[in-house]
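Below you'll find the structure, written out as structure tokens, and then a few comments.
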Amino acid sequence: MLTCYRSPGWLSRGKVVHRVIELRKAIQEFLEQKGSPFATKFTDKEWLARLCYLADIFAELNSGNLQLQGRNTTIIDAHYTVAAFLGKLRLWIRRLEKGVIAQFPTVDEFIEENSHDTGSLLQTINKEMSDHLKGLETSMHHYFPESDQETASLQWIIHPFSVPDEAIHDDDFPAKEEWITMRANEALKIEFQNQNADCFWISRLADSPTLSKRALKWLVSFSTTYLCEKGFSTVLEMKTKKRTRLNVANDARLALSTTKPRIPQLASNMQLQPSH
């Protein structure tokens, strides 16, 4: 998984593998005409089966990467996305141990097309896919250590009105009082359902300062480098050969800001210069 922002163009490279699978016969003919030794790869059933697996696993990785990107993605959202992907990995491994490959549609379709070689081909690719998924799971655990206790401790931020009352410990006295008062207010419960968690906790800063500051500490943390990389991409787009100003701060601020300019108000504050 990528914790850095990636443009759609980068992510689309993962789809190239799937496109190669779709055009494998045309690619094989082209390589044969050019006398390339790589043409023989497209007659190797095991190699093609591995390529099909790569197409499927890249599709899953790209899907996870897209969920990690975005201006409003919080560290809690990213935590849940990674946890979900790890859960899928374990499920896929268990299904492969039972000889089930339906979770990988491209591989499944290729095996169906080559049913005469199903026995040996499926046995070979099954073992390789299982080993790769186990290695991927190990790598994911290295970069994203799981902690069920940490996950449970953050539930009250996202679901303050549905988690057990014990989510905030009695010994945490100031926060516990605010917690009880807030949960007893049905109007706040309705308000929470109609807005995002970050907006809700910002609105509670005056009445529940301890809880709000604690929640916002998690919600405002940068889960990825998306915003920074997006800023770099914007600057690169502006710094063309025909537009090479050294100071791009004002232009970048305008390009990256989500605040809509109030043009009529700005214009009304300017002195008119009528023609003589």
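Filter the range 175-210 down to residues that are free of Cβ contacts under 8 Å to residues at least 24 places away in the same chain and of a type in the set (S, T, N, Q) and give me whichever is farthest from Ile158 (Cα to Cα). Looking at residues that are free of Cβ contacts under 8 Å to residues at least 24 places away in the same chain and of a type in the set (S, T, N, Q), I get Asn185. For the structure I just gave you, tell me whether Phe42 is assigned to a helix (DSSP H, G or I), in the same structural domain as His18 (by TED's automatic domain parsing), surrounded by 15 or more Cβ atoms within 10 Å (Cβ to Cβ) and touching a residue at least 40 places away in the same chain (Cβ under 8 Å). Against the criterion (assigned to a helix (DSSP H, G or I), in the same structural domain as His18 (by TED's automatic domain parsing), surrounded by 15 or more Cβ atoms within 10 Å (Cβ to Cβ) and touching a residue at least 40 places away in the same chain (Cβ under 8 Å)), Phe42 does not qualify. Where residues in the range 137-162 are assigned to a loop (DSSP other than H, G, I, E, B) and farther than 24 Å from Ile180 by Cβ, which of them is modelled with the lowest pLDDT? Per the stated criteria, the residue is Ser147.
Hey, can you tell me all the residues within the range 24-73 that are more than 12 Å from the chain's Cα centre (by Cα) and of a type in the set (D, E, K, R)? Once the filter is applied, which keeps residues that are more than 12 Å from the chain's Cα centre (by Cα) and of a type in the set (D, E, K, R), the range 24-73 yields Arg24, Lys25, Glu29, Glu32, Lys34, Lys41, Asp44, Lys45, Glu46, Arg50, Asp56.
The values are calculated or read from the model by the stated rules, or taken from the named source; none is laboratory data. Predicted model only: the values in this text are computed from it and were never measured. Cβ: placed from backbone, ideal geometry, glycine included. Neighbour counts: every protein chain shown.
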